[in-house]
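Structure, as structure tokens:
Nothing in this text is a laboratory measurement; each read-out follows from the coordinates by a stated rule. Given the structure is predicted, the values throughout are model-derived calculations rather than measurements. All Cβ positions, glycine included, derive from the backbone under ideal geometry; neighbour counts span all protein chains shown.
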Amino acid sequence: MTAFRLLSAGAFFALALTSQALAQAPGAAPSWSAPAEAAKAATEMPKMAGSGGICTPGNLIEAFSEGGWYPAVVLDPLRDGRCFVHYENYGDDDDEALKPKHIRARR
């Protein structure tokens, strides 16, 4: 029973470290906390993906999901290298973090 409690505490600690590694800087409001506003701002001032890196907030990109490429807007780069995106014409609940290989400049 004691070993189980220690393992559970260790698992909790590992989960907390993993979650913290994916989080943004302490005290900073993440841009994805209001995805609709970020997507609206991106459409008002469109930026095509260019030399600043593809995962720059506001970049208009294509994102690969469920077997196809969809128009999307970059909301935020994550510390683990993934890119948090909002799909155009879809709700905020469809926003997701993607690996760089699943993101490309709009054609």
Quiz item: Can you tell me which residue in region 92-107 is nearest to the chain's Cα centre (by Cα), limited to those that are of a type in the set (Lys, Arg) and closer than 12 Å to Glu62 by Cβ?
Solution: Arg104
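Name every residue in region 74-91 that is over 16 Å from Gly58 (Cα atoms) and either among the small types (Gly, Ala, Ser) or assigned to a strand (DSSP E or B) (or both), in order of residue number. Explain how you work it out, then say what you get.
Of all residues in region 74-91, those over 16 Å from Gly58 (Cα atoms) come to 79-81, 90-91.
Gly81, Gly91, listed by residue number.
Which residue is surrounded by the most Cβ atoms within 10 Å (Cβ to Cβ), if the candidates are limited to region 92-107 and must be touching a helix residue (DSSP H, G or I) at 6+ places or on another chain (Cβ under 9 Å) and outside any strand (DSSP E or B)? Walk me through it before giving the result.
Of all residues in region 92-107, those touching a helix residue (DSSP H, G or I) at 6+ places or on another chain (Cβ under 9 Å) come to 92, 95, 97.
Going one step further and asking which of them are outside any strand (DSSP E or B), we end up with 92, 95.
Numbers: Asp92: 14, Asp95: 20.
Applying the filter and picking the extreme gives Asp95.
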